[in-house]
Amino acid sequence: MINKYETLETLHMIDNQHLDIRTITMGISLLDCADSDSAKSRQKIYDKICNKAENLVKTGETIEKELGIPIINKRISVTPISLVAGASEAKSYVPFAKTMDEAAKTVGVNFIGGFSALVHKGFTEADRILINSIPEALSTTDIVCSSVNVGNSKAGINMDAVKLMGEVIKKTEELTVSTDGFGNAKLVVFCNAVEDNPFMAGAFLGVGEPDCVINVGVSGPGVVKHALEKVRGCDFGVVSETIKKTAFKVTRMGQLVAMEASKRLGVPFGIVDLSLAPTPAVGDSVAYILEEMGLEKCGTHGTTAALALLNDAVKKGGVFASSYVGGLSGAFIPVSEDAGMIAAAQCGALSIDKLEAMTCVCSVGLDMIVVPGDTSASTISAIIADEAAIGMINNKTTAVRIIPAPGKKVGEIVEFGGLLGTGPVMPVNNYSSNDFIARGGRIPAPIHSLRN
Amino acid sequence: MKKAIITVIGKDKVGIIYGVTKILSENNVNVLDISQTILQGMFTMMMIVDIEKCDSNFEALSDILAKEGQEMGVEIRIQLESIFESMHRI
């Protein structure tokens, strides 16, 4: 029987250490919503989302109440829209984004992801239409998220897509000037995108997924930080063990919530994403975990090693706690969403170059990084290319969610509000990458892609 | 049997157990186990209850208990046992 101390430990994690379920994300396939008439296709999309996700928010709230653990977000991911809208005559997919926005608002979720295209080896006509629709789609909708996969370890990197995405990000910045370029906070450029990611802004439902599925993302940087406070000065074996045990407990919550949600909604359980996802709240920071390991400031020498240990131990602890693990699974390092990262960037300890190194050993990539408004499209493309190269060579997912802030200079601050936090404008390298990006074509797949 | 765990944390005073068990009795909730202690100066009580035959739904019971807690100046929570089981038992 559960004893008092175990009960109090759980309550303490929830009350004081920000333990929560970050998201229940329902994946909905829209492949059966394709139609040669775009109006009909959009109606099918609206109806299917509203039908499948009708009870998602209510069920999430009931589970939250019964288990007494906060479930912060309820979200929807859908099939990449380029695959659905491509059957239609439409020459712009902005109306599809608006339909997603309306449907998501009708069912009451926080975000809907999947205004996406997969172009790692080349574009279809529909992919081009979708990518060209992104700036307007993000500036005229509220909760639609977009992502584009520009490379993978099997296909190499589509450098035409990389070039195009730099331009799309600049265009999105122009269209969302009034909100400091907020549109780009809803846009992710991936290499090795995964099909079952529950986290935004990069969530979409891949074509190998079922018609409807529940994926859950856990969180808990505060819990890990607190656990490490008790082993100050101990060696790295102890640090790793402590993180593993904590990650196990955190992930068990995710597994439980995923199973409950799946059962109550009558939808199959997909995966639990073992992630340490920070929030701007004090005490809910991945950077503070790294500092707890003995670094004066996140970003100093040793940060990459500390993050490698953290990321690996989280996976080892979490994988045993869940029957199916997937998504991105690892520590997230979104700058604007993490109080410790914000502080480190502001004092100059953390640079984009160091963040790039950190992305070699952790989940995902350059995330929620604000750069000066005068950063050129080709420089942004080059940042994307670097990140994609890391993903391609290391067989891991990498992503870029970069936000050029219109009119802002290094050192200024951009407020996004809510979970997206506060972004200090970080310096980029001012030497040009223009001729490199202008080449276009594909970077061939690496030699280790030939495994057959 | 459907087990839930009720926790009461706050400043000790006369009548806390009475206040909680009165509500449980009115809602046909059976108490299986009670333990209480003073931890770091705070009254801490844990109760394992069976809510299978509970007359009101879980959310309503949770709200009634939380309200009673506010009146007594303590925090009362009810959670399904599964959250603790899954975290602390393999």
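The values are calculated or read from the model by the stated rules, or taken from the named source; none is laboratory data. Fair warning: this is a prediction, and the values are worked out from it, not measured in the lab. When we count neighbours, we look across all protein chains shown, and the Cβ atoms used for this are built from the backbone with ideal geometry, even at glycine. Heavy atoms of the whole protein, side chains included, go into the accessibility calculation; ligands, DNA and RNA do not. Shrake-Rupley method; radii C 1.70, N 1.55, O 1.52, S 1.80 Å.
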Note to self: Given the criterion modelled with pLDDT of 90 or more, surrounded by 13 or more Cβ atoms within 10 Å (Cβ to Cβ) and facing chain A (nearest Cβ under 10 Å), identify the matching residue among B:I17, B:I78, B:I34.
What the structure shows: B:I78
Check: Just one of A:G391, A:G421 is closer than 22 Å to A:S147 by Cβ and touching a Pro at 6+ places or on another chain (Cβ under 6 Å); which is it?
Finding: A:G421
Check: Restricting the search to segment A:6-25, which residues are more than 8 Å from chain B (Cβ to nearest Cβ), open to solvent by less than 40 Å² (accessible area, probe 1.4 Å) and assigned to a helix (DSSP H, G or I)?
Finding: A:M13, A:I14
Note to self: Name the single residue that is farthest from the other protein chains (Cβ to nearest Cβ) among those in segment B:60-75 being open to solvent by 50 Å² or more (accessible area, probe 1.4 Å) and among the acidic types (D, E).
What the structure shows: B:E71
Checklist line | Candidate set: segment A:400-452, residues that are among the aliphatic types (A, V, I, L, M) and in a loop (DSSP other than H, G, I, E, B); chosen: the one least open to solvent (accessible area, probe 1.4 Å) | finding: A:M426
Checklist line | Residue match in segment A:274-282 (condition: out of contact with any Cys (no Cβ under 9 Å at 6 or more places or on another chain), open to solvent by 10 Å² or more (accessible area, probe 1.4 Å) and farther than 19 Å from A:I72 by Cβ) | finding: no
Checklist line | Yes/no for B:T7 being facing chain A (nearest Cβ under 8 Å), outside any loop (DSSP other than H, G, I, E, B), surrounded by 14 or more Cβ atoms within 10 Å (Cβ to Cβ) and among the hydroxyl-bearing types (S, T, Y) | finding: yes
Check: Looking at B:N57, B:N28, which one is on the phi > 0 side of the Ramachandran plot, open to solvent by 40 Å² or more (accessible area, probe 1.4 Å) and over 11 Å from the mean Cα position of the chain (by Cα)?
Finding: B:N28
Note to self: For segment A:169-185, which positions are open to solvent by 10 Å² or more (accessible area, probe 1.4 Å) and assigned to a helix (DSSP H, G or I)?
What the structure shows: A:K170, A:K171, A:E173, A:E174, A:L175, A:V177, A:S178, A:T179, A:F182
Next item on the list: Scan (1) open to solvent by 10 Å² or more (accessible area, probe 1.4 Å); (2) more than 14 Å from every other protein chain (Cβ to nearest Cβ); (3) within 25 Å of A:A201 (Cβ to Cβ) for the single condition A:D37 breaks and write down its number.
Entry: (3)
Next item on the list: Go through segment B:37-54 residue by residue and tally those that are open to solvent by 70 Å² or more (accessible area, probe 1.4 Å), touching a strand residue (DSSP E or B) at 6+ places or on another chain (Cβ under 9 Å) and within 22 Å of A:L8 (Cα to Cα).
Entry: 2
